[in-house]
Amino acid sequence: MIKVSVIYPRSEGSEFNIGYYCDSHMPMVQKLLGDACTGIAAEEGLAGGAPGEPAPYHAMGHLYFKTIEDFQSSFGPNTGEIMADVPNYTNIEPTLVVSKVRIS
């Protein structure tokens, strides 16, 4: 299984609308990717490792695929539409990580 994680790091002046992300953006992405995307998940950062420390990220989104080719063939043609929606929920430049799930 392939997991594509989109990470939104916290920094001074960064903003993130978790409601829009979960209710609008992620469902739109899943619909655009179709059957190639086998699942989605969203996480909201709550805290860092030490008491009182803020989370290092606002949110992380995860997209699941059977193969990296499924990710590439479904995401590539929809990149423009997906990225055009980003300003609707954040001013953060997201970091994308593609990984192979070894244990779940």
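Each reported figure results from applying straightforward, stated rules to the coordinates on display, with no laboratory input. Fair warning: this is a prediction, and the values are worked out from it, not measured in the lab. A quick note on method: Cβ atoms are made from the backbone with ideal geometry, for glycine too, and the neighbour counts reach across all protein chains shown.
Among Arg10, Arg102, a tally of other beta-carbon atoms within 10 Å of each Cβ gives an order, fewest to most, of Arg102, Arg10. In plain terms, if you count all Cα to Cα distances in the chain and split them into 10 Å steps from zero, the share in each step is 14, 46, 30, 8, 0 percent. Among residues other than Asp35 with Cβ under 12 Å from its Cβ, the summed charge is +1 (Lys and Arg +1, Asp and Glu -1). Legend: ranking of residues Ile103, Ile92 from fewest to most surrounding C-beta atoms inside 10 Å; resulting order Ile103, Ile92. Here the gap between Glu69 and Asn91, fully extended at 0.36 nm per residue and compared with their Cα-Cα distance, gives a gain of 5.0 nm.
Electrostatic tally near Asp23: other residues with Cβ closer than 14 Å to its Cβ, Lys and Arg +1, Asp and Glu -1, net -1.
Between the residues Ala47, His62, Ala84, the greatest Cα displacement towards the positive end of the dipole of the range 20-104, with unit charges on the Cβ of Lys, Arg, Asp and Glu, is found for His62.
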